[in-house]
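K.L.:
Okay, handing you the structure first.
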Amino acid sequence: MAVITEHDIRQSIADALQFISYFHPADFIRHLAAAYDREQSPSAKNAIAQILKNSRMAALGRRPICQDTGTANVFFRIGMDVKIATTRSLQAIVDEAVRDAYMAEQNPLRASMVRDPLFDRKNTGDNTPGIVHVEMVAGNTIEIDVSAKGGGSENKTKFTVLDPGESVIDWVVKTVETMGAGWCPPGILGIGVGGSVEKSMLLAKHALNQPLDMSELLVRGPANKAEEFRLEVYRRVNDLGIGAQGLGGITSVLDVKLATFPCHAASLPVALIPNCAATRHIHFTLDGSGPAQFEAPTLGDWPEVALEAGAELRRVDLDSLDESSVAEWRPGETLLLSGTLYTGRDAAHRRMTEWIARGDQLPVDLRNKAIYYVGPVDPVGNEVIGPAGPTTATRMDRYLGTVLPATGLRVMIGKAERGPAAIEAIAKNKAVYLVAVGGAAYLVSQAIRSSKVVAWADLGMEAIYELKVEEMPVMVAVDTRGESVHVLGPSLWRGKASQAAAR
């Protein structure tokens, strides 16, 4: 019987969470690099280039790929011939490991977990608890999969129970078409089919930890019905034209993973979970000989890419914004922002609307100013700020009808599309919405020259910061007339992935 200590489990999980915070899996980088080479949309190609460059910088600097360092997911496959030398629960051990990893002095990770999901959404401060799944299997080892799942992609999870005669592929493609870009494509689709409601969800989540092999599958062709399924979903989803960051392009998904389980004859449960451009996971085995060791990938796997701003490039002084200046900006145009930029995401917007409703004066004057939807990672060493990429803008849509007319806010920066009501509010108030690349948080942070909290420090990473930025790259997503690049781009590239593959 193998004896595996609590220390080995805790140390291995903590080290794994640190490792995946700054190292993309090598198979993901290879697939993303191939997508970059074949991408024909200039906007999408530049977005992929930023993700690749950010990934290389994070690997070199040992700092997080994305500011959303994720929920810690830990899958255990424990051999029946294993003794775990502890008196504590696996949950307690995992939580200690998560705490160790997320509060590490040399590379602190962002705490995103709230203690109570309904009534008091106070941050736990250390990203505990982890999400633990246990399977007892034959053998004398413990196999562990550790992943850090970002909220943007997790929020796009979908579930349905189809009639047994319905097409799972049709449902997946139609569903992806409605998901928008908040899951930060290009990424991975995990599909779980069968079992039960909860089993299909676990199948889909675990499928995302499988190695990527779509590039090889496209070359050799399918060997069974499961691979035929994966290929059809891959091709049809890419033909939607969503593209990197939803900007329009020929690659929206890098791979499609499928896991199935027997189910009731009257049911066909299906779960769909996307992984974003910050795909982070690792697999290891403990056999009692000590904690797992993780070997850093070869940086040669990361291609050298050049960031191309494009022909239309406009430098913007954020301290001189007004209605007439932003009226000139058009969807798809690249901007380099310099000057004062405020931050504010869900909790700050919720508090702003409460203060406005009471008639209270806000602590920050936002008239003709810009706000960035971000919750940054804490800085280390000489850093001004930690990785600071955008969060999904649609979560702020509900507040725009109140915030824009009351504050005179002129510019918003986030990721993904805005909903119809938000676009209407943007146009009505002659504001604009810009996008930064999700999955390029470390790269974006290099444009931030100073950072300080100026309001509501009690909100932690959701407090309002005042940032000074220099040539921060963004793209116009919604202009003052209400035209959206997330509508124009995909419509232009729809169906072109198949045409490119045929050529």
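The values are calculated or read from the model by the stated rules, or taken from the named source; none is laboratory data. Owing to the predicted nature of the structure, the values given are computational and were not obtained by experimental measurement. FYI the Cβ positions are ideal-geometry reconstructions off the backbone, even for glycines, and counts take in every protein chain you see.
K.L.:
Which one of these does Thr141 not meet: (1) β-branched (Val, Ile, Thr); (2) buried (at least 20 other Cβ atoms within 10 Å of the Cβ); (3) within 24 Å of Phe76 (Cα to Cα)?
P.N.:
Condition (2) is where Thr141 drops out.
K.L.:
Residues that are among the polar types (S, T, N, Q): list the strands (runs of 3 or more DSSP E) wholly contained in the range 421-503 that include at least 2 such residues.
P.N.:
448-455
K.L.:
Related question: Tell me which of these Asn382 doesn't satisfy, since it passes every other one: (1) touching a helix residue (DSSP H, G or I) at 6+ places or on another chain (Cβ under 9 Å); (2) surrounded by fewer than 17 Cβ atoms within 10 Å (Cβ to Cβ); (3) modelled with pLDDT under 95.
P.N.:
Status for Asn382: all satisfied but (1).
K.L.:
State whether one or more residues within the range 450-460 are without any contact (Cβ under 8 Å) to a residue 24 or more places away in the chain, within 30 Å of Met103 (Cα to Cα) and acidic (Asp, Glu).
P.N.:
Yes, there is a match, as at least one residue in the range 450-460 is without any contact (Cβ under 8 Å) to a residue 24 or more places away in the chain, within 30 Å of Met103 (Cα to Cα) and acidic (Asp, Glu).
K.L.:
Just for the range 439-472: of the residues that are crowded, with 20+ Cβ neighbours inside 10 Å and closer than 23 Å to Val326 by Cβ, which one is modelled with the lowest pLDDT?
P.N.:
So, considering only residues that are crowded, with 20+ Cβ neighbours inside 10 Å and closer than 23 Å to Val326 by Cβ, the one modelled with the lowest pLDDT is Val444.
K.L.:
State which residue pairs qualify: first residue surrounded by fewer than 16 Cβ atoms within 10 Å (Cβ to Cβ) and inside the range 1-13, second residue assigned to a helix (DSSP H, G or I) in any location, beta carbons under 9 Å apart, and separation of 6 or more residues or different chains.
P.N.:
none
K.L.:
Same structure, new question: Identify, from the list Arg358, Arg367, Arg351, the residue that is under 15 Å from Arg410 (Cα atoms), assigned by TED's automatic domain parsing to the domain that holds Val453 and not polar (S, T, N, Q).
P.N.:
Matching residue, one of Arg358, Arg367, Arg351: Arg367.
K.L.:
Please go through (1) under 18 Å from Ile48 (Cα atoms); (2) touching a strand residue (DSSP E or B) at 6+ places or on another chain (Cβ under 9 Å) for Pro490 and return the number of the only condition it doesn't satisfy.
P.N.:
Condition (2) is where Pro490 drops out.
K.L.:
Check Leu208, Leu218 and return the single one that is in contact (Cβ under 8 Å) with a residue 40 or more places away in the chain and not hydroxyl-bearing (Ser, Thr, Tyr).
P.N.:
Of the residues listed, the single one that is in contact (Cβ under 8 Å) with a residue 40 or more places away in the chain and not hydroxyl-bearing (Ser, Thr, Tyr) is Leu208.
K.L.:
Exactly one condition in (1) crowded, with 21+ Cβ neighbours inside 10 Å; (2) polar (S, T, N, Q); (3) under 26 Å from Gln40 (Cβ atoms) is false for Thr334; which is it?
P.N.:
(1)
K.L.:
Counting just the residues of the range 342-375 that are of a type in the set (S, T, N, Q) and in contact with a Leu (Cβ under 7 Å, 6 or more places away or on another chain), which one comes out farthest from Lys430 (Cα to Cα)?
P.N.:
Thr343
K.L.:
When Thr178 is evaluated against the numbered criteria (1) over 18 Å from the mean Cα position of the chain (by Cα); (2) without any contact (Cβ under 8 Å) to a residue 40 or more places away in the chain, which criterion, by number, is the only one it fails?
P.N.:
(1)
K.L.:
Moving on to the next point. Quick one: which residue in Lys174, Lys205 is over 18 Å from Ala416 (Cα atoms), crowded, with 24+ Cβ neighbours inside 10 Å and among the basic types (Lys, Arg)?
P.N.:
Result: Lys205 is the single residue among Lys174, Lys205 that is over 18 Å from Ala416 (Cα atoms), crowded, with 24+ Cβ neighbours inside 10 Å and among the basic types (Lys, Arg).
K.L.:
Still on this structure, please answer the following. Run down Ala85, Ala138 and say which single residue is more than 30 Å from Val253 (Cα to Cα), of a type outside the set (Ser, Thr, Tyr) and touching a Ser or Thr at 6+ places or on another chain (Cβ under 6 Å).
P.N.:
Ala85 is the lone residue from the list that is more than 30 Å from Val253 (Cα to Cα), of a type outside the set (Ser, Thr, Tyr) and touching a Ser or Thr at 6+ places or on another chain (Cβ under 6 Å).
K.L.:
Do the conditions hold for Leu313, that is, is it within 30 Å of Ala85 (Cα to Cα) and either out of contact with any helix residue (DSSP H, G or I) (no Cβ under 8 Å at 6 or more places or on another chain) or not β-branched (Val, Ile, Thr) (or both)?
P.N.:
No, not satisfied.
K.L.:
Okay, moving on. Take the range 41-78 and flag every residue that is of a type in the set (Gly, Ala, Ser) and surrounded by 20 or more Cβ atoms within 10 Å (Cβ to Cβ).
P.N.:
If the condition is that a residue be of a type in the set (Gly, Ala, Ser) and surrounded by 20 or more Cβ atoms within 10 Å (Cβ to Cβ), then Ser41, Ser43, Ala44, Ala47, Ala49, Ser55, Ala58, Ala59, Gly70, Ala72 are the ones that fit.
K.L.:
Return the total of residues in the range 109-157 being without any contact (Cβ under 8 Å) to a residue 40 or more places away in the chain and either assigned by TED's automatic domain parsing to the domain that holds Val380 or not in a loop (DSSP other than H, G, I, E, B) (or both).
P.N.:
Within the range 109-157, residues that are without any contact (Cβ under 8 Å) to a residue 40 or more places away in the chain and either assigned by TED's automatic domain parsing to the domain that holds Val380 or not in a loop (DSSP other than H, G, I, E, B) (or both) number 1.
K.L.:
Just wondering, is there one or more residues in the range 401-421 that are surrounded by 24 or more Cβ atoms within 10 Å (Cβ to Cβ) and of a type in the set (S, T, N, Q)?
P.N.:
No; the residues of the range 401-421 include none that is surrounded by 24 or more Cβ atoms within 10 Å (Cβ to Cβ) and of a type in the set (S, T, N, Q).
K.L.:
Here are some residues: Thr407, Thr402, Thr394. Which one is at pLDDT 95 or above, under 23 Å from the mean Cα position of the chain (by Cα) and of a type in the set (S, T, N, Q)?
P.N.:
Result: Thr394 is the single residue among Thr407, Thr402, Thr394 that is at pLDDT 95 or above, under 23 Å from the mean Cα position of the chain (by Cα) and of a type in the set (S, T, N, Q).
K.L.:
State which residue pairs qualify: first residue over 29 Å from Asn127 (Cα atoms) and inside the range 363-381, second residue basic (Lys, Arg) in any location, beta carbons under 8 Å apart, and separation of 6 or more residues or different chains.
P.N.:
Arg367/Arg410; Asn368/Arg410; Lys369/Arg410; Ala370/Arg410
K.L.:
While we're on this one: Could you say which residue among Ala34, Ala47, Ala85 is outside the structural domain of Ala440 (by TED's automatic domain parsing) and more than 29 Å from Leu335 (Cα to Cα)?
P.N.:
Ala85
K.L.:
Conditions first: (1) touching a residue at least 12 places away in the same chain (Cβ under 8 Å); (2) surrounded by fewer than 20 Cβ atoms within 10 Å (Cβ to Cβ); (3) under 30 Å from Arg56 (Cα atoms). Ala266 passes all but one, so which condition is the exception?
P.N.:
Every listed condition holds for Ala266 apart from (3).
K.L.:
Here is a further query. For the range 268-280, indicate whether the set of residues that are assigned to a loop (DSSP other than H, G, I, E, B), of a type in the set (Ser, Thr, Tyr) and under 23 Å from Ala440 (Cβ atoms) is non-empty.
P.N.:
yes
K.L.:
Hey, among the residues in the range 238-291 that are within 30 Å of Ala16 (Cβ to Cβ) and of a type in the set (Asp, Glu), which one's nearest to the chain's Cα centre (by Cα)?
P.N.:
Asp255
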